[in-house]
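Next up is a structure, given as C-alpha cells.
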Amino acid sequence: MAMQPIKLPPGVVKAATPSRARNRYWDANLVRWRGDHLLPVGGWQRNTAEPLPAPVRRISAWRDLQDIFRIALGSDSRLQILEGATVIDITPADFEPTPPFVTVSGFGIGPYNAGSYGTPRPLADGRLFGRPVIWSLDNFGANLLALCGSDGRLLLWDTTVLPLPAKAVPVATAPEHSIAMLVTEERHVMLFGAGGVPYRVAWCSREDINDWDFANPTNSADFFDLSISGFIVNAVRVRGGVLIFTDSDVWLARYIGQPFVYAFERIGEACSLYGPYSFASNSSAVIWMGRQTFWVFDGGAVRPLPCDVANFLFAGIDAFAGQSRVHAAVNGLFPEAWFFYPSAGQTECDRYVIWNWQENWWSVGALPRSAMLAASVAPYPVMAGADGHIFEHEKGWTAAGLTRVGEVWAETANIAIGGGDQRIDIAQAQFDSGHGFAATRMLAFTKETGDGPEYAEGPFMPSADGWTDCRFSGRDIRLRIEAAQDGDWSLGELRLDAQPGAGR
C-alpha cells in the first residue's frame with residue numbers, strides 16, 4: 001500500500017461510536033480547523049486580580065468620550081465595571097438580584113419527556129413557569145444602559161458627567177417590570193415585556209431615553225403588543241431591524257417611520273430559543289440553539305441549521321439548568337459561533353460546541369464559562385470563568401499561565417484502510433504541510449474486532465519536518481493528535497505508511 005493519504009475533512013462528526021463516522025474527526029477539545037489544517041484554539045489571560053463575588057451572566061464593552069475602554073458585567077447580584085484590572089460596583093442600593101438557582105417540584109412543569117412517569121418535575125430557577133432572569137447591556141452613546149429581569153428597571157450609568165456617578169440610576173420615566181432591553185439602530189431604547197406585560201414591546205422617543213409618553217402625537221415613543229399567547233424571551237439587533245424571540249416563535253421588527261415607527265412580522269414558528277442567551281450574532285446573521293435544532297436567520301427566512309454534533313449536545317445537556325444557563329456569542333477573531341451549555345448534572349456551563357460558518361464545520365470541547373463577549377470593541381474575546389474571573393481569550397497558548405498539555409487534542413473515528421478483512425501494519429506517519437510539528441504528539445488506538453477491546457499505542461513524537469516513526473497494527477485504527485507543548489502548531493493532510501498484515 002505505502003503512504004496512504006488519509007482524507008480527514010475539518011470538523012467533528014459526533015456519531016454514536018467511532019465506527020459510525022469513518023475518516024472523520026470524532027471528538028476534540030480546544031482545537032479548530034483552518035482549511036484542511038488542524039490547529040489549537042488560542043489560550044487565555046486573566047483580567048481580574050480577585051474573583052468576582054457572583055457568576056457573570058452578560059458582558060458588554062465600549063469606549064467613552066475620553067476613549068476610556070470599559071467592560072460592563074451583569075452578574076446574579078451586581079452590575080459592575082471592569083476598567084483595566086479595577087472592578088467598580090455600580091449596582092443601585094435597591095437593586096433586586098436574581099433568585100438563587102433552586103429546584104421546585106411539581107407536575108406539568110419543566111421540559112416534556114424529562115424524568116420518569118409519576119415523579120415530580122424539578123424546575124430550574126425557582127420562577128413561575130421556568131422563566132429565567134436575564135441581563136441586557138447596551139450603550140446609548142457613551143453611556144451604559146442596563147436592565148436585569150429580576151429588577152425590571154432601565155438603569156443608566158452616565159459617563160458624560162464628572163466625577164463619574166457612583167451608582168447606576170433608574171430612568172424614572174421608563175416602564176418598569178421589563179425583562180429585556182436594547183438600543184435600535186434608529187436610537188430608540190426598546191423594552192421587552194415592558195410594564196410587566198409579557199408580550200409588549202415599547203420604545204422611547206428617538207434620541208431621548210427620558211421620553212416614554214406614548215400618548216404624545218409629536219414624539220416617536222410607542223408600544224406594540226405581539227399577538228402571542230406566551231411571552232417574549234429576548235431580542236437582538238439584526239441587519240434590517242430587531243429579531244424578537246418569544247417562547248414559541250420569532251418576530252422581526254422593522255423601522256418604517258411615522259406614524260407607526262415599527263412594523264412587526266412573525267417570521268418563524270416552533271423555532272424558539274433553548275434559553276434566553278442561546279443566540280450568537282454577527283453583522284449578517286443570527287444563529288441560535290433551539291430545543292432540538294439549530295436555526296439561522298440571515299435576512300431572508302428562518303431556516304434550520306444542520307449540525308454534526310446535535311445528538312451529542314442534546315443528549316448530554318442538563319435539561320433544567322440549560323434553560324437558563326446556555327449562552328452563546330461569535331468569536332470575533334474567527335468566523336465561529338460558540339455555544340456553552342451545562343452537561344448533565346451540572347448547574348453551570350462546562351462544555352461548548354462551535355460552528356464555523358465560513359467552512360461549515362462543528363467542533364466540541366470542555367471549558368467552564370458563564371458568559372462570552374465577541375472581539376470587536378474588545379480586542380480579544382472576553383469570557384467569564386466559573387471561578388469568578390474574567391479572561392481575555394485567543395491570547396498566548398496557556399490557560400492563564402498554566403499548561404494546557406494534554407487538554408488540546410483531536411481524535412479521529414475509525415480510519416478506513418483496505419476492506420477490514422486483514423490487519424494493517426503502520427510503520428510511519430507524515431503530515432504533508434503545516435508547522436510546529438514538534439509541539440505535537442500522536443497516539444493510536446487499535447482493535448482486532450469491532451466489539452473487541454481497544455489498545456492504546458504511543459505516544460509517537462513527530463520530527464521537525466513532520467515525519468513520525470511509529471509501529472502499530474490492527475483491523476480498526478483511529479488516531480489522537482494532541483499538543484505536547486504550549487505553543488502554536490498546524491497539521492495538514494495525514495499520510496500513513498500502511499502495509500497489509502495477516503488476514504482473517
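The values are calculated or read from the model by the stated rules, or taken from the named source; none is laboratory data. Note that the coordinates shown come from a computational prediction; the quantities given were computed from them, not determined experimentally. Note: ideal-geometry Cβ built from the backbone for every residue, glycine included; neighbour counts use all protein chains shown. Surface accessibility is based on the protein's heavy atoms, side chains included, excluding ligands, DNA and RNA. Shrake-Rupley method; radii C 1.70, N 1.55, O 1.52, S 1.80 Å.
Is there a residue being at positive phi and surrounded by fewer than 20 Cβ atoms within 10 Å (Cβ to Cβ) anywhere in segment 162-181?
Checked against the condition, which is being at positive phi and surrounded by fewer than 20 Cβ atoms within 10 Å (Cβ to Cβ), segment 162-181 yields at least one hit.
Being farther than 11 Å from Phe340 by Cβ and in contact (Cβ under 8 Å) with a residue 24 or more places away in the chain is the filter here, so list the residues in segment 274-290 that pass it.
Tyr274, Pro276, Phe279, Ser281, Asn282, Ser283, Ser284, Ala285, Val286, Ile287, Trp288
Rundown of residues vs (1) in contact with an Asp or Glu (Cβ under 9 Å, 6 or more places away or on another chain); (2) in contact (Cβ under 8 Å) with a residue 60 or more places away in the chain; (3) buried (at least 19 other Cβ atoms within 10 Å of the Cβ), yes/no style:
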{"position": "Ala328", "(1), (2), (3)": "no, no, yes"}
{"position": "Glu348", "(1), (2), (3)": "no, yes, no"}
{"position": "Ile354", "(1), (2), (3)": "yes, yes, yes"}
{"position": "Arg369", "(1), (2), (3)": "yes, no, yes"}
{"position": "Pro379", "(1), (2), (3)": "yes, no, no"}
{"position": "Val382", "(1), (2), (3)": "yes, yes, yes"}
{"position": "Gly385", "(1), (2), (3)": "no, no, yes"}
{"position": "Phe391", "(1), (2), (3)": "no, yes, yes"}
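So that you can scan it fast, the table gives a plain yes or no per residue for (1) over 23 Å from Gly492 (Cβ atoms); (2) of a type in the set (Val, Ile, Thr); (3) open to solvent by less than 70 Å² (accessible area, probe 1.4 Å); (4) within 38 Å of the chain's Cα centre (by Cα):
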{"site": "Gln422", "(1), (2), (3), (4)": "yes, no, yes, no"}
{"site": "Phe431", "(1), (2), (3), (4)": "no, no, yes, yes"}
{"site": "Gly434", "(1), (2), (3), (4)": "no, no, yes, yes"}
{"site": "Ala439", "(1), (2), (3), (4)": "no, no, yes, yes"}
{"site": "Gly452", "(1), (2), (3), (4)": "yes, no, yes, yes"}
{"site": "Glu457", "(1), (2), (3), (4)": "no, no, yes, yes"}
{"site": "Trp467", "(1), (2), (3), (4)": "no, no, no, yes"}
{"site": "Cys470", "(1), (2), (3), (4)": "no, no, yes, no"}
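A further question follows. Among Arg70, Arg46, Arg20, Arg24, which is open to solvent by 10 Å² or more (accessible area, probe 1.4 Å), modelled with pLDDT of 95 or more and not polar (S, T, N, Q)?
Of Arg70, Arg46, Arg20, Arg24, the one residue that is open to solvent by 10 Å² or more (accessible area, probe 1.4 Å), modelled with pLDDT of 95 or more and not polar (S, T, N, Q) is Arg46.
Take the conditions polar (S, T, N, Q) and either in a loop (DSSP other than H, G, I, E, B) or modelled with pLDDT under 95 (or both) and apply them to Ser60. Does it pass?
Here the answer is no, as Ser60 does not meet what is asked.
Here is a yes/no grid of residues against (1) assigned to a loop (DSSP other than H, G, I, E, B); (2) within 23 Å of Trp489 (Cβ to Cβ):
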| position | (1), (2) |
| --- | --- |
| Phe340 | no, no |
| Gly345 | yes, no |
| Cys349 | yes, no |
| Ile354 | no, yes |
| Gln358 | yes, yes |
| Ser370 | no, no |
| Gly388 | yes, no |
| Gly396 | yes, yes |
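When you go through (1) open to solvent by less than 60 Å² (accessible area, probe 1.4 Å); (2) on the phi < 0 side of the Ramachandran plot; (3) not small (Gly, Ala, Ser) one by one for Leu30, which number turns out not to apply?
Of (1) open to solvent by less than 60 Å² (accessible area, probe 1.4 Å); (2) on the phi < 0 side of the Ramachandran plot; (3) not small (Gly, Ala, Ser), only one is false for Leu30: (2).
Please name all residue pairs, on different chains or six or more residues apart, with Cβ atoms under 7 Å, provided the first residue is in segment 216-237 and is closer than 17 Å to Leu147 by Cα and the second residue is open to solvent by 50 Å² or more (accessible area, probe 1.4 Å) and part of a loop (DSSP other than H, G, I, E, B).
Sorted first by the residue in segment 216-237, then by its partner, the pairs are Ile232/Tyr199; Arg237/Glu185.
Quick one: which residue in Thr184, Thr218, Thr173 is under 26 Å from Ile287 (Cβ atoms), out of contact with any Pro (no Cβ under 9 Å at 6 or more places or on another chain) and among the hydroxyl-bearing types (Ser, Thr, Tyr)?
Thr184
Based on this model, can you work out whether Gly365 counts as out of contact with any His (no Cβ under 6 Å at 6 or more places or on another chain) and either within 20 Å of Ala72 (Cβ to Cβ) or in a loop (DSSP other than H, G, I, E, B) (or both)?
no
In segment 422-473, how many residues are closer than 27 Å to Arg34 by Cβ and assigned to a strand (DSSP E or B)?
Within segment 422-473, residues that are closer than 27 Å to Arg34 by Cβ and assigned to a strand (DSSP E or B) number 19.
Something else about it: Can you pull out every residue in segment 243-256 that is in contact with an Asp or Glu (Cβ under 9 Å, 6 or more places away or on another chain) and open to solvent by less than 60 Å² (accessible area, probe 1.4 Å)?
Hits for segment 243-256 are Ser248, Asp249, Val250, Trp251, Leu252, Ala253.
Can you find a residue that is within 18 Å of Arg131 (Cβ to Cβ) and buried (at least 21 other Cβ atoms within 10 Å of the Cβ) anywhere in segment 212-224?
No, segment 212-224 contains no residue that is within 18 Å of Arg131 (Cβ to Cβ) and buried (at least 21 other Cβ atoms within 10 Å of the Cβ).
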